[in-house]
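What follows is a short report on a single structure.
The values are calculated or read from the model by the stated rules, or taken from the named source; none is laboratory data. Owing to the predicted nature of the structure, the values given are computational and were not obtained by experimental measurement. Glycine gets a Cβ as well: all are built from the backbone with ideal geometry, and neighbour counts include every protein chain shown.
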Amino acid sequence: MKSFIFSFLLALLLICPSYGKKPFPADRKATKETVNLFRSLYNLQKKGVMYGHQDDLMYGSTWWYIKDRSDTKDFTGDYPAVAGFELGHLELGNERSLDSVSFAQIAEQIKAHYKRGGVITISWHADNPLTMQDPESKLHRQGGTAWDVSSKEVVASVLPGGKNHEMFNTWLERLAAFFMGLKDDNGTPIPIIFRPYHEHSGSFFWWGTDICTDDEYSDLWRYTVQFLRDKKNIHNILYAYNTDRVTSLEQYMRGYPGDDVIDMLSLDMYDRGEKFGGELDSALGFVTEEAVKRNKLTALSETGERRGMADWWSGVLLPVVSKYPVGYVLTWRHAYRQKFVKSANPGKPFSDDFMNFYKSPGTLFLKEVREENLYKRR
Ligand code: BMA
């Protein structure tokens, strides 16, 4: 009988190789907590959509780093499930980011959000490693920054054999040191979702689709993951591939570096007009379908309202994201502005309709994901 069961199971495995396989991160050596997070998110994305907010824990338009303060919490009573952070200028060895946020305070808030049971995602608007070396670049708007697209040689210049390769290694060393410092009170590495080289389908960053070839983009990604994961032995990172708006799966996958280095297929799309709902619906349809096929996570990793609509959250965003297994939606930072601080009527951080989004059974904020114990074995 035993041998019959054994043969039966063996036959099943041979016929259907994915039978019994649980989804696993691209990093085969991922830490226990990172594997657990990956699996938790994979299951959770079928149940509801988490809310994420960039720099939510660092500042709002009228306040600057008050420990544990959050616009989302001020408005709804709960933290976002996903906290977004930005590492631009860490590569330069600076103490503060391109948005003047202290990296030490970012690390502190990453630890705090992990302790609360939330999810952490990190973006990186790295300076332009080629043009930033030219003093003349400072004379141009955005010269030397991530948005400097004046040269198409940049990506090639940081890859092995390129003239900025050694400098770029120094940048990655600095990233690595930051990631290795992200530990909880017991010294356990804190899992994070890292989303570098974002919005590849656009051409407004030096890694954009018309600024480098698809192969160069893919090589940049592969080199980065191999550096952090294989050379530096960092195993608490889930890697998010990301594009800006796209109209086909083929366009979405241009430059995709491969399932062995990617954990999440994410999309950024802002509402710039009436066609948004339909375009988002179509893009999320093919992106999430492809992600599930590949056992990957999904997210609408940047979105936002740009039309002044009163019911955008519940009337436009929610109905579309609820149709698909979207892990989270993240809205961008509420940039701090002196003029708002001084204003007699600085306005609220969110529109009233955000409460409808918050209250919907389809959305998940921190209290709901804390109950899921994302970092525990499943
Ligand atoms: C952009 C803008 C910039 C900011 C950058 C990185 O989209 O918000 O002002 O510097 O993100 O956070």
In region 318-337, which residues are part of a loop (DSSP other than H, G, I, E, B) and farther than 14 Å from Glu305 by Cβ?
Ser322, Lys323, Tyr324, Pro325, Val326, Gly327, Arg333, Ala335, Tyr336, Arg337
Within region 102-126, the residues that are touching a strand residue (DSSP E or B) at 6+ places or on another chain (Cβ under 7 Å) and either within 11 Å of the ligand (Cβ to nearest atom) or part of a strand (DSSP E or B) (or both) are Ser102, Val119, Ile120, Thr121, Ile122, Ser123, Trp124, His125
Of the residues in region 288-299, those that are aliphatic (A, V, I, L, M) and touching a residue at least 40 places away in the same chain (Cβ under 8 Å) come to Leu297, Ala299
In the set Arg245, Arg229, Arg272, which member is out of contact with any Cys (no Cβ under 6 Å at 6 or more places or on another chain), surrounded by fewer than 16 Cβ atoms within 10 Å (Cβ to Cβ) and among the basic types (Lys, Arg)?
Arg272
If you go through region 77-93 one residue at a time, how many are surrounded by fewer than 19 Cβ atoms within 10 Å (Cβ to Cβ) and away from the ligand (no atom under 16 Å from the Cβ)?
3
Note on region 127-157: residues touching an Asp or Glu at 6+ places or on another chain (Cβ under 7 Å) and within 16 Å of the ligand (Cβ to nearest atom) are Asp127, Asn128, Gln142, Gly144, Thr145, Ala146
Filter region 42-75 down to the residues that are outside any loop (DSSP other than H, G, I, E, B), touching a strand residue (DSSP E or B) at 6+ places or on another chain (Cβ under 9 Å) and either surrounded by fewer than 21 Cβ atoms within 10 Å (Cβ to Cβ) or at pLDDT below 95 (or both) and list them by number.
Asp74
Search region 152-180 for residues that are touching a residue at least 40 places away in the same chain (Cβ under 8 Å) and within 14 Å of Asp215 (Cα to Cα) and pair each with any residue that is assigned to a helix (DSSP H, G or I) and of a type in the set (Ser, Thr, Tyr) when their beta-carbon atoms are under 9 Å apart and the residues are at least 6 apart or on different chains.
Val154/Thr131; Val155/Tyr217; Val158/Tyr223; Leu159/Tyr223; Pro160/Tyr223
Kindly list, by first and then second residue, each pair from a residue in region 85-98 that is closer than 11 Å to Phe178 by Cβ and part of a loop (DSSP other than H, G, I, E, B) to a residue that is polar (S, T, N, Q) and within 10 Å of the ligand (Cβ to nearest atom), limited to pairs with Cβ atoms under 9 Å and residues at least 6 apart or on different chains.
Leu87/Ser97; Leu87/Ser123
Of everything in region 256-302, what is part of a loop (DSSP other than H, G, I, E, B), under 15 Å from Leu41 (Cβ atoms) and of a type in the set (A, V, I, L, M, F, W, C)? Give them in sequence order.
Ile262
Subset of region 336-347 that is surrounded by 12 or more Cβ atoms within 10 Å (Cβ to Cβ) and not β-branched (Val, Ile, Thr) - its residue that is farthest from Lys293 (Cα to Cα):
Ser343
Can you find even one residue in region 181-199 that is in contact with a Gly (Cβ under 8 Å, 6 or more places away or on another chain) and part of a loop (DSSP other than H, G, I, E, B)?
yes
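Conditions (1) at pLDDT 95 or above; (2) within 16 Å of the ligand (Cβ to nearest atom), marked per residue:
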{"site": "Val287", "(1), (2)": "yes, no"}
{"site": "Val292", "(1), (2)": "yes, no"}
{"site": "Glu305", "(1), (2)": "yes, yes"}
{"site": "Gly308", "(1), (2)": "no, no"}
{"site": "Gly327", "(1), (2)": "yes, no"}
{"site": "Leu330", "(1), (2)": "yes, yes"}
If I go through region 316-335 residue by residue, how many of them are surrounded by fewer than 19 Cβ atoms within 10 Å (Cβ to Cβ) and farther than 28 Å from Lys296 by Cα?
1
Take region 332-356 and flag every residue that is within 16 Å of the ligand (Cβ to nearest atom) and touching a residue at least 40 places away in the same chain (Cβ under 8 Å).
Trp332, Arg333, His334, Ala335, Tyr336, Arg337, Phe340, Pro349
